[in-house]
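Peer 1: Sharing a structure here in structure tokens format.
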């Protein structure tokens, strides 16, 4: 298992009629000091930026989400998804600090 810092942007507990339950967790890779969240300019017309990651975790992990947006130390692991492809998932979380997203003046 690997540890990394993530920026959690959304958490919501869900319950199905079948009795299954869990929590949806949306996050971005943050980097050790936020380097993965630095603004970038790219006028090539191709993809730019970072897509949010999403996983489903046990609903009791909601107790570990204290601030959103917030930075968390995440213990990550790889699992095989329903399509047979590897999927990165969150196994555990520990709060590091609150996150504020502020606008910078364009240059």
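Bear in mind that the values in this text are calculations on the coordinates, not laboratory data. Since the model is a prediction, treat every value here as computed from it, not as a measurement. FYI the Cβ positions are ideal-geometry reconstructions off the backbone, even for glycines, and counts take in every protein chain you see.
Peer 1: Could you tell me the relative contact order of the chain? Use alpha-carbon pairs under 8 Å, at least six residues apart, and round to a whole percent. All intermediate terms of the calculation are to be shown ahead of the outcome.
Peer 2: Details: 201 pairs, mean separation 30.8, N = 107.
Over the chain, the number comes to 29 percent.
Peer 1: Something else about it: Remind me, relative contact order of region 11-66 in percent, using alpha carbon pairs under 8 angstrom and six or more residues apart?
Peer 2: 42 percent
Peer 1: Taking the Cα-to-Cβ direction at residue 63 and at residue 83 and moving 7 Å from each Cα, how far apart do the two end points lie in nm?
Peer 2: According to this spin-label approximation, the distance is 3.5 nm.
Peer 1: Under 1.5 on a/c is rounded, so check that first for region 30-107, then, if it is not, pick prolate when a/b is larger than b/c and oblate when it is not; a ≥ b ≥ c are the square roots of the alpha carbon gyration tensor eigenvalues.
Peer 2: Oblate shape, in that a/c is at least 1.5 and b/c is the bigger or equal ratio.
Peer 1: Between residue 101 and residue 41, what is the label-to-label distance in nm when each label sits 7 Å out along the Cα-to-Cβ direction?
Peer 2: Each label point is offset 7 Å from its Cα along the Cβ direction, giving 2.1 nm.
Peer 1: Stretch residue 13-residue 51 to full length: gain in nm at 0.36 nm per residue minus the Cα-Cα span?
Peer 2: Extra length from residue 13 to residue 51 when fully extended: 11.5 nm.
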